[in-house]
Structure formats: C-alpha cells, structure tokens
1. Quickly rank 91-102, 106-117 as a protection proxy: mean count of other C-beta atoms within 10 Å, highest first.
2. Per residue of the chain, what 222 nm ellipticity follows from adding -39500 (n - 2.57) for every DSSP H run with n ≥ 4, rounded to the nearest 500?
3. Determine the dipole magnitude for the chain: charges of +1 sit on the beta-carbon of Lys and Arg, -1 on that of Asp and Glu, nothing else is charged, the reference point is the Cα centre, and the result goes in debye to the nearest 20.
4. Hey, if you put +1 on the Cβ of every Lys and Arg and -1 on every Asp and Glu Cβ in the chain, which of PHE45, PHE128, PHE72 ends up farthest toward the positive end of that dipole?
Amino acid sequence: MPPKTEESEREIPFGQAVKEALTRLRTSERKANDFLFVTVRGNLFCPQRVTKTAFRPLAAKLGVAPFTWRSFRRSAETALHTHGIPLKVQQQILGHSSPVMTLLYADPNLSERREAIEQLESLMLPSFNRSCTS
C-alpha cells in the first residue's frame, strides 16, 4: 500500500524485541508474500475488522475501555512526549508533516500536569513560602 504522500515514506527504526517478533512472523508458515501482516490464507487484514473481531472482545475480556489503532498511536506519542523525547524525533516516528499534528496525539495525565505546575510555581514564585500552605 503506498503512503498518502511521498513525504510520508520513511524508514522506521525498531528495537530488538520487535525485530525478533517480525523475524518469527516472516519465517512462519503463513503465505506472507510482499506483506508482513496477513491472514492465514495470505490476505491483507482489514483494520476495521481487526478492531471489531480482536480489539473489542479483548478490551471487554480485560475490562478496559475499548481501543483502536489510533489508541496505539496516541499511547506511543504520549509515552514519547512524557519521557522528554525531542518533538522533532516524535514527529518523524509518527510520520507527521507538522509538529502541531504530533502534539495533538500527546495526552499527558493528571500527575504529569501537577508536576509541571509545581515546576512552574517554583520558577515563577521562587520566594513563595510553601510552609504557609501546609
């Protein structure tokens, strides 16, 4: 499947765990041909069907909120963002043409926002006596 634009074509690095999993998948008995993720018969997966037949039942079984392919992208971006990976690197990993789009995927949690506010307070109000608020 070709990318949406020529600029979308890129090399995507991956770690050792993914390399080993992909090697096992590639050398399995499936009829993979040119594609890595195919059905047992060698057909391409339909993303919507995977969501319906695999993701939804798994979420229900685990008792978690339903998730989609986009959920994985958002989770990956949030983890990159939260752990201080430079925005340009985040943008390249997700394949976005704009850093603004990349930031739309980040979703810092409440504890991270609290920590940021505490850092902001110490920068903006360095002489504030914190013992008065206890």
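FYI, it's all coordinate maths here, none of it is from the lab. No experiment lies behind these values; they were computed from the predicted model shown. All Cβ positions, even for glycine, are placed from backbone atoms using ideal geometry, and neighbour counts span all protein chains on display.
1. In descending order of packing, they fall as 91-102, 106-117.
2. -14000 deg cm²/dmol
3. Rounded to the nearest 20 debye, it is 760 debye.
4. PHE45
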